[in-house]
Amino acid sequence: MTVTRFAPSPTGRLHVGNIRTALHNWLWARKTGGRFVLRLDDTDAARSEERFVEAIRADLAWLGMTPDEEVRQSDRGDRYQARFAALVDAGRVYPAYETQAELDLKRKVLLGRGLPPVYDRAALALTDAERARLEGEDVRPHWRFRLDHGAAIEWNDLVRGAQRFDPATMSDPVVRRADGSWLYMLPSAIDDVEIAISHVVRGEDHVANTALQLQMFAAMGAAPPAFAHTALLTGAEGKLSKRLGSLGVDHFREVGIEPQAVRALLARIGTSDPVEPIAEAEPLIASFDFARFGRAPARFDEAELAQTSARIVHQLPFASVSPRLPAGMDEAAWQAIRPNLTRVDEAADWWQVVEGPIDAPPAGEDAGFLAQAATMAVTIDWQGDPWHALTSALKAATGRAGKPLFLPLRRALTGRDHGPDMKALLPLIGRDRAIERLAPR
Ligand code: GLU
């Protein structure tokens with residue numbers, strides 16, 4: 001059974017980059033009939049906030065990606081402690097006593113010699129007596145995971161293909177601070193084992209973490225999940241942009257972007273499939289495939305998102321938008337108006353055009369023509385297609401055709417030069433208002 005997880009830290013709002021990661025995990029779980037877990041990485045008590053937990057849930061709900069299960073790392077301290085103790089017993093986690101200043105100095109020296117700044121494992125070389133002395137001086141250790149240098153770390157990444165790391169070139173990662181708090185690395189691996197995560201899908205900034213975590217899985221005697229590391233997101237200009245970090249659901253809502261558009265775009269950028277205005281989840285789920293992801297950064301273009309959203313608005317069924325429409329606006333009105341919208345809230349402007357009052361420009365030299373139209377509007381049949389009835393009668397009577405026939409009518413009836421199809425709009429405006437708008441003022 002596929003189990004994926006989206007693991008944000010509730011230290012801020014979700015941004016477009018982690019929304020994309022959430023989406024990939026959700027799509028893969030849905031495609032494989034599996035489960036999608038929301039894991040809140042809230043071990044950092046000082047920076048994690050409940051309001052961000054709530055915002056993450058609300059953002060996922062808005063995007064239609066409700067998790068099947070929610071797990072909080074802050075509830076799982078006992079599990080981390082148990083696994084940690086076992087790893088200490090097995091000699092895979094060891095205490096280290098260097099201060100940050102000492103570690104910084106070691107780094108500097110190595111870098112100064114042109115060497116990679118890999119931790120020298122001095123703590124592993126301590127004798128029992130030295131360790132006892134440090135403990136006696138009340139120096140509290142932090143804890144490192146001892147990498148096995150025996151063999152290269154390898155895996156076949158679902159996006160990046162064959163991956164290989166030499167553990168000897170990597171520092172033994174710190175997994176626990178001197179105050180007992182957890183760093184990200186080990187709790188994440190423990191959760192992945194215990195929640196039986198089958199696929200870890202995340203950004204390529206985690207590739208090196210995966211190498212380390214693969215050794216943690218092995219040290220816990222657990223089979224690792226499959227990994228898929230997606231290329232990072234860049235702005236439209238092709239650069240890693242600061243703005244992306246601040247673009248989230250609040251912004252999308254504010255500028256009238258539909259959640260389906262966010263999904264449709266983020267599901268396809270960085271893949272070989274085109275971005276299409278797909279409102280339903282099913283086609284996105286069906287086409288989702290790690291094999292279609294490229295290695296080049298995925299470009300996020302806000303203008304493309306807005307276009308995709310507009311094209312989705314044109315498809316939205318009345319039932320899904322009716323709570324957001326002005327009172328009185330019915331299904332026929334929505335059908336008539338939606339092709340002219342880029343955002344749903346613009347429907348109110350067109351409803352105002354239907355209901356009036358409108359501000360029509362002076363009739364000018366079309367005054368006579370419009371007066372004639374007003375007279376005909378009284379006699380035509382309003383049941384069938386009044387626009388056709390009105391314009392054919394006027395055409396026959398005046399010889400006008402094309403723009404000189406249609407534009408003065410549109411202006412008088414709507415106050416605008418452009419807008420929804422008059423054939424659909426005129427029945428909404430209705431007989432009485434139409435006659436009034438056409439009549440000489
Ligand atoms: N909290 C981590 C992050 O947001 C999770 C990484 C992971 O998916 O393991 O980067």
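Nothing in this text is a laboratory measurement; each read-out follows from the coordinates by a stated rule. As the structure is a prediction and not an experimental result, all values here were calculated from the model. Glycine also receives a Cβ, built like all others from the backbone with ideal geometry; neighbour counts cover every protein chain displayed.
Observations on the structure shown:
- Annotation for the stretch 14-47: trypsin sites (Lys or Arg not before Pro) lying in DSSP loop with at most 15 further Cβ atoms inside 10 Å of their Cβ are ARG47.
- Note on the stretch 161-307: semi-axes of the ellipsoid equivalent to its C-alpha gyration tensor, largest first and rounded to whole Å, are 33, 18, 16.
- With contributions of -39500 (n - 2.57) from each DSSP H run of at least four residues, the per-residue ellipticity at 222 nm computed over the chain stands at -13500 deg cm²/dmol.
- Taking the stretch 107-182 and dividing mean pair separation by its residue count, relative contact order in percent (alpha carbons under 8 Å, at least six apart): 33
- Toward the positive end of the charge dipole of the chain, with +1 on the Cβ of Lys and Arg and -1 on the Cβ of Asp and Glu, the farthest Cα among ILE195, VAL16, ALA397 is that of ALA397.
- Rg over Rh for the chain works out to 1.20, both radii taken from alpha-carbon positions and Rh defined as the Kirkwood radius.
- The Cα atoms of the stretch 302-353 cover 33, 21, 17 Å along the three principal axes, with the biggest extent listed first.
- Check: the stretch 101-150 dipole with +1 on Lys, Arg Cβ and -1 on Asp, Glu Cβ, in debye: 280
- Long-range Cα-Cα pairs in the stretch 349-431 (distance over 17 Å), rounded percent: 43
- Relative contact order of the stretch 33-91, defined on C-alpha pairs under 8 angstrom at six or more residues apart (%): 48
- Checking every one of the trypsin sites (Lys or Arg not before Pro) in the stretch 232-332 against DSSP loop status and a limit of 16 other Cβ atoms within 10 Å picks out LYS239, ARG295.
- Exposed-site-free run, longest, the chain (rule: GluC sites (Glu not before Pro); DSSP loop; at most 14 other C-beta within 10 Å): 281-441
- When you filter the trypsin sites (Lys or Arg not before Pro) in the stretch 150-231 for DSSP loop state and at most 12 other Cβ atoms inside 10 Å of their Cβ, nothing is left.
- With Cα atoms as the point set, the stretch 49-108 shows a radius of gyration and Dmax of 19.2, 49 Å.
- Radius of gyration and Dmax over the Cα atoms of the stretch 17-171, both given in Å: 20.9, 59
- By the rule of a C-alpha distance below 17 Å, with chain neighbours fewer than 8 residues away ignored, the lysines paired with LYS423 are LYS395, LYS403.
- Across the chain, C-alpha contacts under 8 Å between residues 6 or more apart give a mean separation that, scaled by the residue count, equals a relative contact order of 13 percent.
- Quick note on the stretch 1-86: its Rg to Rh ratio, both from C-alpha atoms and Rh being the Kirkwood radius, is 1.00.
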